[in-house]
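Before any comments, here is the structure.
Computed from the coordinates by the stated procedures, all read-outs in this text should not be read as laboratory data. All of these numbers come straight from a predicted model, not from anything done at the bench. Counting neighbours? That spans all protein chains shown, and the Cβs are built from the backbone with ideal geometry, glycine included.
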Amino acid sequence: MNLINDPWIPIRRVDGTREKVEAWRITDFTEGKSPIVAIASPRPDFDGALIQFVIGLLQTTCTPSESGWWDWRENPPPLEMLQERFATLLEVFDLEGAKAFMQDFSPSELSNRQNISALLIEMPGEKPQKDNTDHFIKRGRVDLLCPHCAATALFTLQTNAPAGGQGNRTGLRGGGPLSTLVLGETLWETCWRNVLTKTRYLATADLDKTGDADRFPWLARTRTSEAKPPAGITGLVDVHPDQQFWAMPRRIRLQLEKQDKLSSCDLCGAEVSCGYRHFVTKNYGVNYEGFEHPLSPHYVKDGIPSPVHPQPGGIGYRHWLGLVENSTDSNVERRPAKVIEQFRSLVREDARLWAFGFDMDKMKARCWYDATMPILVVPMELEVSFKGQVECLVRGASWVAQTLRWQVKDVLLGKENTRGDLSFIQNHFWGATEAGFYEHVQRFRDNLSMPLGELSVLESWLADLRMAALSVFDHYAQAGDFDAVDPRRMTVARNDLKKTLSGKKLRQLLGLPHSLHKTA
Ligand SMILES: [Zn+2]
């Protein structure tokens, strides 16, 4: 199977039809044909990986100058041109052969044979096989993968590789990084918006590392990592920036087997005569360090950038500022992904951001998160004040979320009781105020040049927060999920909450004057 010339990328068109296409077909804007809008694979982690695959292909074969970037934004390249560019990698992107896509150069050294299902990052809801005592029920078991799904699973694992026992290296951005992309109207637009211009992309490149094996690690012996750091580390000076998209933390070889009869792939259902039931592997693959991947936000502490990973509770508006622009929280700087920074400074128009990634708990995925949020353009001279106001909104909401949680806890479990993880109460509150938050942020932006325009927005946000907090409180107080709640205790707690939310502290956090506005 060839990853350039085989139609293996599952996509969806505007009219809802689905099919598999070659990667270069994303600029198929033939008249009368419904445009391709998104990747549409059987799993959300595959969707997230495949779009990075296509962006990686574009970045690797078509890194533009700034004017070149604008040219293709205005006029997408014709199919033939894109096909020609991608075809420069034809031989490098074969899934089989002596040099196989994203697989180890020295297969004879790999002795640990695994079932093909181990290639998949276990998603929540799937029980680990050892817990699966009932052998008669084949719950979502994966025994066979078609070449398309195997290639995708391999790319997904190398991109997200979690920690997994001694010497099993994590992905270049650590296990399960958060990725953030600028969304476009079509798949092409989404991809091209997330390709960096040459100056940005090659800013940190070592100009000596331009060989094919510096870009695609499977073309040479793996830079293994048995040696104690810093000896076993692969950093910016050791490879070309392209390797960020084609990183190989895991030493893997897929084993293609001819099937006795046509068999169906356990993920996509395709009937195949040759497929994958096993792969071989070995620990101590490439140990990457010090990269700032173009598609991920980073936090910078003591001058060292580290990629952001989704945490329990998900991705929400409280993270928004750090995902769309620089923000500093005590001594930690949060830096948006380079592609977001480029879009904001180069294009300067409103758009939407797509954030996704695994929440990993060491070897296992706890959850897959997927969220979209706005990117808003603010006149440069007003950026600082805008950011300050948005921070106020979030600070106020954080405090309310905390207060609400304590208050609900008191009612449900009693003041003395500290057991249990009650973060779901805060998450409920964050979810309930999400849409309102972006409305208020939008209003901020629209009122920026009006003197004191922000006050009415803050007052309105304060009212929203109060209302949402009380409604979440009532939800849990009346839900009956817990042991019988003492009604007197509930009334007292609710009144306390109401009073706290009307107090000085919250107004202060929001940057509102102490005295309440009289509207009459
Ligand atoms: Zn399949």
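Using the Cβ atoms and a cut-off under 9 Å, what net charge is assigned to the surroundings of P336, where Lys and Arg are +1 and Asp and Glu are -1? Walk me through the intermediate numbers first.
Working: positive: R334, R335, K338, R344; negative: E325, E341.
Its environment carries a net charge of +2.
Work from the charge dipole of the chain (Cβ charges, +1 for Lys and Arg, -1 for Asp and Glu, about the Cα centre) and give the residue of V142, S330, A479 farthest towards its positive end.
Ranked along the dipole, the leading option is A479.
With the cut-off at 1.5 for a/c, could you classify segment 18-75 from its C-alpha gyration tensor as rounded, prolate or oblate?
Working: a/c = 2.63, a/b = 1.29, b/c = 2.04.
Oblate, since a/c reaches 1.5 and b/c is not below a/b.
Taking the 0 to 90 degree range and rounding to the nearest ten, how far is the long axis of helix 423-446 tilted relative to the main principal axis of the chain, both from C-alpha atoms?
Roughly 90 degrees between the two axes.
Mind running the shape call on the chain? Use the C-alpha gyration tensor, a ≥ b ≥ c as the square roots of the eigenvalues: rounded below 1.5 for a/c, prolate if a/b tops b/c, oblate otherwise. If you can, show how the numbers build up before the last one.
Working: a/c = 1.98, a/b = 1.49, b/c = 1.33.
Verdict is prolate for the chain.
Residue by residue through segment 328-335, which ³J(HN,Hα) values in whole Hz follow from phi under the Karplus form 6.51 cos²θ - 1.76 cosθ + 1.60 (θ = phi - 60°), with glycine and proline marked x?
Values, residue by residue: 10, 10, 6, 9, 9, 8, 10, 10 Hz.
Name the residues whose placed amide hydrogens come within less than 5 Å of the amide hydrogen of C274, ignoring near sequence neighbours (fewer than 5 apart) on the same chain.
For C274, the qualifying residues are Q259.
Compute the acute angle (0 to 90°) between the alpha-carbon long axis of helix 453-479 and the principal axis of greatest extent of the alpha-carbon atoms of the chain; round to the nearest 10°.
So the helix axis and the longest Cα principal axis differ by about 80 degrees.
Need the C-alpha centroid separation for segment 278-305 versus segment 32-90, integer Å.
Measuring centre to centre over Cα atoms gives 24 Å.
Can you give me the relative contact order of segment 298-510 as a percent, contacts being Cα pairs under 8 Å and 6 or more apart?
Values: 226 pairs, mean separation 41.3, N = 213.
Normalised by residue count, the contact order of segment 298-510 is 19 percent.
Tell me, what HN-Hα J-couplings in whole Hz come from the Karplus equation 6.51 cos²θ - 1.76 cosθ + 1.60 at θ = phi - 60° for each residue of segment 170-180, using x for Gly and Pro?
The phi angles translate into 7, x, 4, 9, x, x, x, x, 7, 10, 10 Hz.
What relative contact order, as a whole-number percentage, does the chain give when Cα pairs under 8 Å and 6 or more residues apart are counted?
Details: 887 pairs, mean separation 72.5, N = 520.
Value for the chain: 14 percent.
With just the Cα atoms defining each centre, how far is segment 381-431 from segment 232-252? Give it in Å.
The distance from the Cα centre of segment 381-431 to that of segment 232-252 comes to 40 Å.
List the cysteines of the chain that have no other Cys Cβ closer than 4.7 Å: which are they?
When partners are defined as cysteine Cβ atoms under 4.7 Å apart, the chain leaves C62, C149, C191, C268, C274, C367, C392 without one.
Cβ under 12 Å from L404's Cβ, L404 left aside: what net charge do those residues give with Lys, Arg +1 and Asp, Glu -1? Walk me through the numbers before you get to the answer.
Working: positive: R405, K409, R466, R494, K498; negative: D410, D474, D496.
Once positives and negatives cancel, what remains is +2.
What is the gain in length, in nm to one decimal, between D361 and E91 on full extension, counting 0.36 nm per residue of separation less the C-alpha to C-alpha distance? Could you put the intermediate results ahead of the total?
On the way: separation 270, 0.36 × 270 = 97.20 nm, distance 3.70 nm.
Gain in length upon complete extension: 93.5 nm.
Taking θ = phi - 60°, what integer Hz values does the Karplus form 6.51 cos²θ - 1.76 cosθ + 1.60 yield along segment 3-17, in sequence order, with x for Gly and Pro?
7, 9, 9, 8, x, 10, 8, x, 10, 10, 9, 3, 7, x, 5
Residues with amide H under 5 Å of A38's amide H, sequence separation 5 or more or different chain, H placed in the peptide plane at 1.01 Å from N; which?
Result for A38 returns R12, L187.
Once the dipole of segment 269-395 is set up with Lys and Arg at +1 and Asp and Glu at -1 on Cβ about the Cα centre, which of Y284, F343, P307 lies farthest towards its positive end?
Result: Y284.
For the pair V300 and E74, what calculated FRET efficiency results from E = 1/(1 + (r/R0)^6), where r is the Cβ-Cβ distance and R0 = 41 Å, to the nearest 0.05?
On the way: r = 35 Å, r/R0 = 0.85.
E(calc), rounded to 0.05, equals 0.75.
Do you know the relative contact order of segment 290-346, to the nearest whole percent, from alpha carbon pairs under 8 angstrom that are 6+ apart? Can you show the working numbers first?
Values: 76 pairs, mean separation 22.2, N = 57.
For segment 290-346, the relative contact order is 39 percent.
Between rounded, prolate and oblate, where does segment 298-510 land on the alpha carbon gyration tensor, with a ≥ b ≥ c its root eigenvalues, rounded for a/c under 1.5, else prolate if a/b exceeds b/c?
Numbers: a/c = 2.34, a/b = 1.41, b/c = 1.65.
Here segment 298-510 falls in the oblate category.
What net charge is computed for the residues neighbouring P76, neighbours being all others with C-beta under 15 Å from the C-beta of P76, Lys and Arg scored +1, Asp and Glu -1?
Details: positive: R25, K33, R73, R85, R193; negative: D28, E31, D71, E74, E80, E84, E185, E189.
Charge balance in the 15 Å sphere: -3.
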